[in-house]
Amino acid sequence: MSEELEKLQSLVTNPTEPEVDKSKIGMLCVKTANQWREEAAMRPDPNKLWMSLWYEGEVCCLFADSNLGKSIYAVQIANKIAETQPVLYFDFELSDKQFQLRYSDDNGNFHKFPDNLKRAEIDTDAYSECVMDGSFEDNVVADIEQAALALEIKNLIIDNLTYVCNASEKGDAAALLMMNLMRLKKKHGWSILVLAHTPKRSMASPITQNDLAGSKKLFNFFDSVFAIGLSAKDTNLRYIKQLKVRAGAFEYDKDNVIVAEIVKENAFLHFNNIGYATEKEHLKEMSDNDQSELIEQAKQYQQQGKSQREIAKLLNISVGKVNKLLHL
């Protein structure tokens, strides 16, 4: 029997099963826990993009009630990051004129943004076509991806969630949206900050994950979440609270919220951090006795020669509030 026939007979009598790649099964990628750990250790750890609130490679959420300044804060974040790396800000809230007025002063001076900061808004003609054929939400996510790829930008801020997913309060729609964003994050290594709303809430209650408007499924998908609250102590103040962390530790939880006031300096509207406090301090309504005590403290500091800005920092209130107290 020839050598070729022997090989053929061997294959027929002793068939060899094709080797199966067990590391790729459908959509799943399977490795040992040690392999995952070792391969991940070869890549650099994610850097902080904005304090410990948003890290590289995360899909993060910033939410707040209307008119508390979440867009102002988001542009401030974009402005800072853009000093060292490109940022693409998708502004589905303001018109170009509204944006210009927000970042200019009464003397016609403009804030100079870093050239690394790009801003995008919806083309109204294209919007009308998408709404007519019912494809708006799919198209806007696809266009976000195409814009970021074309401009080679890895840091994205989407203002806001409602425009990306009009039905975000429905569980299925919210889940599909978040899977889309997670896909973009993993596929391209992007960092994405999404702005969202919270329904009207009691100023006596602490901010929780349940205050994120829409389905609770949204909160579970985000890598990190932080929120802006209105201070009951001083309506000129805001506080920033960390609600979810994956890359680091909680730094700004209920016992250490960031306290800030919104100010415009050199035509730049932004949050000016004035200190830290417990959330509880900014939830309680001040009684007449509390108000009288605050007035007395402010006047004592004034007699000591302290400026209104110094008094504001000592009392953990805004400069405007100090001015009012000193004139009561």
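The values are calculated or read from the model by the stated rules, or taken from the named source; none is laboratory data. These numbers were taken from a predicted model, which means no experiment stands behind them. When we count neighbours, we look across all protein chains shown, and the Cβ atoms used for this are built from the backbone with ideal geometry, even at glycine. Each accessible area value is taken on the protein alone, full model and side chains, heavy atoms only, with ligands, DNA and RNA left out. Shrake-Rupley method; radii C 1.70, N 1.55, O 1.52, S 1.80 Å.
Checking the condition buried (at least 22 other Cβ atoms within 10 Å of the Cβ) and in a helix (DSSP H, G or I), which residue from L193, L177, L184 passes? Spell out how you get there, then give the answer.
Numbers: L193 fails: in a helix (DSSP H, G or I); L184 fails: buried (at least 22 other Cβ atoms within 10 Å of the Cβ).
The unique qualifying residue is L177.
Inspect the stretch 15-38 for any residue being closer than 27 Å to L243 by Cβ and either among the polar types (S, T, N, Q) or modelled with pLDDT of 90 or more (or both) and give the result as yes or no. Checking the stretch 15-38: not a single residue is closer than 27 Å to L243 by Cβ and either among the polar types (S, T, N, Q) or modelled with pLDDT of 90 or more (or both). Screening the stretch 59-157 for strands (runs of 3 or more DSSP E) wholly inside it with 2 or more residues that are open to solvent by less than 20 Å² (accessible area, probe 1.4 Å), under 28 Å from A227 (Cα atoms) and touching a helix residue (DSSP H, G or I) at 6+ places or on another chain (Cβ under 6 Å) returns the ranges 59-64, 87-91.
Name every residue in the stretch 34-46 that is free of Cβ contacts under 8 Å to residues at least 60 places away in the same chain and surrounded by 12 or more Cβ atoms within 10 Å (Cβ to Cβ), in order of residue number. Working first, answer last.
Start the filter on the stretch 34-46 by keeping residues that are free of Cβ contacts under 8 Å to residues at least 60 places away in the same chain, which leaves 34-45.
Listed by number, the list holds a single entry, W36.
Within the stretch 180-194, residues that are more than 14 Å from E152 (Cβ to Cβ) reach partners that are buried (at least 18 other Cβ atoms within 10 Å of the Cβ) and at pLDDT below 95 with beta carbons closer than 6 Å, at six or more positions or on different chains, in the pairs N180/V141; I192/L181; V194/L161.
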